[in-house]
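Engineer: Have a look at this one before I ask anything.
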Amino acid sequence: AAKKNGRNGFSWFENGMEIELRTRNSLEADIRAAIPNDEFVPYFEQQVDLATGELVGFEMLARWVSPVRGLIPPDDFIPVAEETGMIGDLSMSIIRKALLEAKNWDQRLTISVNISPVQLKDPWLAQKIVKLLVETGFPANRLEVEITESSLFKNLNLAQSIVGSLKNQGIQIALDDFGTGYSSLAHLRALPFDRIKIDRSFVSSMDDNAESAAIVSAIAGLGASLAVPITAEGIEDESVIAKLNELGCSKGQGWHFGQPMSIEQVRKLLIEKDMLQSRKQSYKKSSV
Ligand code: C2E
Ligand code: MG
Ligand code: MG
Ligand code: MG
């Protein structure tokens, strides 16, 4: 099927590949058009203090709300955005929306954002993030930047300098999905992480898989020895919380606490908890 005669002469692609490429191209074109159309939005997943059960912040997770394609998860568009050089602008525009929203939250609540390995190759990344903080008025010490191990692998020196600049501003740095990917314990020494996030694959299966439980416990022990606090992701069942507490994991997130929520859903939740600043402020203003 490699050769195909037609008006365009030869096609070097297998039929399947040709279709794949066309789908890819149309996906890329759709992403490009969707950015100015404001179709990329932040969703938010609750992060909880495992000892008290209190809501302490949210992880921002990107979603594409496409009128044509529906609600699209990040795994379907982040890789394309990375390969086509769109990830930087796309990411900054979603983070901007998230920070403008998070500004209205209770001042104790933090926000975590994911940064792609491709973005960690941008020497201006730290400056761009700091600029967003200045423009949105969101405090640096309530922002956590999550990076994955695989991203450090590519250019450790640049990653070190970016992380250093972010930390100088008071931004927290978390090592995401720990235990998967290009796991290297050396990264824990090379970069001054404020937090380690245990990958959800271990946490969600720790109840019925002894190996997963052992890995969670080993990572928690590592965190304790290094004095780096731990977040457990992928808490799907209440039954693991006691164990995670015992292991000293300070924060947790996962479907047990809630699915990722839209801005409207977060506002509703925070109003219930009396944790929405703008509401308190506008109440104060209107009562003056
Ligand atoms: P992640 O940073 O590890 O994010 C957590 C993912 O786990 C989210 O998937 C979330 O919906 C899912 N999750 C949360 N709790 C549970 C649970 O209890 N069980 C299970 N099975 N899954 C759970 P999502 O939103 O599809 O995000 C996937 C990945 O996409 C993220 O993994 C993150 O690496 C990446 N991502 C998301 N938003 C962005 C972004 O704005 N920029 C970049 N560069 N990457 C992003
Ligand atoms: Mg993450
Ligand atoms: Mg993660
Ligand atoms: Mg993950």
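The values are calculated or read from the model by the stated rules, or taken from the named source; none is laboratory data. Just so you know, these numbers come straight off a predicted model, no measurement behind them. Using ideal geometry, Cβ is built from the backbone for each residue, glycine included, and neighbour counts are taken over all protein chains shown. Each accessible area value is taken on the protein alone, full model and side chains, heavy atoms only, with ligands, DNA and RNA left out. Shrake-Rupley method; radii C 1.70, N 1.55, O 1.52, S 1.80 Å.
Engineer: Rounded to a whole number, what % of the accessible area of region 148-288 do carbon and sulfur atoms account for, probe 1.4 Å?
Structural biologist: Details: 3710 of 7440 Å².
Exposed carbon and sulfur together represent 50 percent of the surface.
Engineer: Per residue, how much accessible surface does region 95-148 expose to a 1.4 Å probe? Answer in Å², no decimals.
Structural biologist: On the way: 2210 Å² over 54 residues.
For region 95-148, the solvent-accessible area averages 41 Å² per residue.
Engineer: Please identify the GluC sites (Glu not before Pro) of region 38-68 that satisfy two criteria: DSSP loop assignment and at most 16 other Cβ atoms within 10 Å. Which are they? Walk me through the numbers before you get to the answer.
Structural biologist: Numbers: sites: GLU39, GLU45, GLU54, GLU59; in loops: GLU39, GLU54.
When the GluC sites (Glu not before Pro) of region 38-68 are filtered for loop state and at most 16 Cβ neighbours within 10 Å, GLU54 remain.
Engineer: Calculate the spin-label point distance for TRP124 paired with VAL65, positioning each point 7 Å from the Cα along the beta-carbon direction, and give it in nanometres.
Structural biologist: About 3.0 nm, to one decimal.
Engineer: How high is the relative contact order of the chain, in percent, counting Cα pairs under 8 Å that sit 6 or more residues apart? Walk me through the intermediate numbers first.
Structural biologist: Numbers: 439 pairs, mean separation 48.1, N = 288.
This gives 17 percent for the chain.
Engineer: Let me ask something else about it. Which whole-angstrom value gives the distance between the alpha carbon centres of region 21-39 and region 200-278?
Structural biologist: For region 21-39 versus region 200-278, the Cα centre distance is 34 Å.
Engineer: Starting from the amide H of ARG63, placed 1.01 Å from N in the peptide plane, find each other amide H under 5 Å away whose residue is 5 or more places distant or on another chain.
Structural biologist: Result for ARG63 returns VAL41, TYR43.
Engineer: Pairs LYS103/LYS131; LYS154/LYS243; LYS121/LYS268; LYS197/LYS243: which are spaced more than 27 Å apart, C-alpha to C-alpha?
Structural biologist: Details: LYS103/LYS131 15 Å; LYS154/LYS243 35 Å; LYS121/LYS268 38 Å; LYS197/LYS243 16 Å.
Going by Cα-Cα distance, LYS154/LYS243; LYS121/LYS268 fall outside the 27 Å limit.
Engineer: Please list, in order along region 253-269, the HN-Hα scalar couplings obtained from phi with the Karplus expression 6.51 cos²θ - 1.76 cosθ + 1.60 (θ = phi - 60°), rounded to whole Hz, x for Gly and Pro.
Structural biologist: Listing the rounded values in order: 8, x, 5, 4, 8, x, 6, x, 10, 6, 3, 4, 5, 5, 4, 4, 4 Hz.
Engineer: Another question about this same structure. Quick one: work out the % antiparallel among DSSP beta bridges in the chain, nearest 5.
Structural biologist: Values: 16 of 36 bridges.
Taking every DSSP beta bridge with both residues in the chain, the antiparallel ones total about 45 percent.
Engineer: Now, a different point. What list of ³J(HN,Hα) couplings, whole Hz, do you get for region 60-70 from phi and the Karplus terms 6.51, -1.76, 1.60, once you set θ to phi - 60° and write x for glycine and proline?
Structural biologist: Using θ = phi - 60°, the values come out as 7, 10, 6, 9, 9, 9, 9, x, 8, 9, x Hz.
Engineer: Could you tell me the distance between the Cα centroids of region 99-137 and region 138-196, to the nearest Å?
Structural biologist: Value for the Cα centre distance between the two parts: 14 Å.
Engineer: Where does the longest stretch of the chain lie that holds no trypsin sites (Lys or Arg not before Pro) found in a DSSP loop with 15 or fewer other Cβ atoms within 10 Å?
Structural biologist: Details: sites that count: LYS3, LYS4, ARG7, ARG69, ARG108, LYS273.
After excluding every exposed loop site, the longest remaining stretch is 109-272.
Engineer: On to the next question. To the nearest 10 degrees, how steeply does helix 156-168 sit against the main Cα axis of the chain, on a 0 to 90 scale?
Structural biologist: 40
Engineer: What does the helix-only formula give at 222 nm for the chain: each DSSP H stretch with n ≥ 4 adding -39500 (n - 2.57), the total divided by the residues, and the result rounded to the nearest 500 deg cm²/dmol? Could the numbers behind the result be given before it?
Structural biologist: Values: 12 runs with 133 residues, N = 288.
Roughly -14000 deg cm²/dmol at 222 nm, from the helical runs in the chain.
Engineer: Okay, moving on. Say R0 is 35 Å: what FRET efficiency, to the nearest 0.05, do ARG108 and ARG24 get from their beta-carbon distance?
Structural biologist: Numbers: r = 43 Å, r/R0 = 1.24.
For ARG108 and ARG24, the calculated efficiency is 0.20.
Engineer: Around LYS167, with a cut-off of 15 angstrom between Cβ atoms, what is the net charge of the other residues, counting Lys and Arg +1 and Asp and Glu -1? Don't skip to the end; give the middle numbers.
Structural biologist: Values: positive: ARG142, ARG195; negative: GLU144, GLU146, ASP194.
Net local charge, LYS167 excluded: -1.
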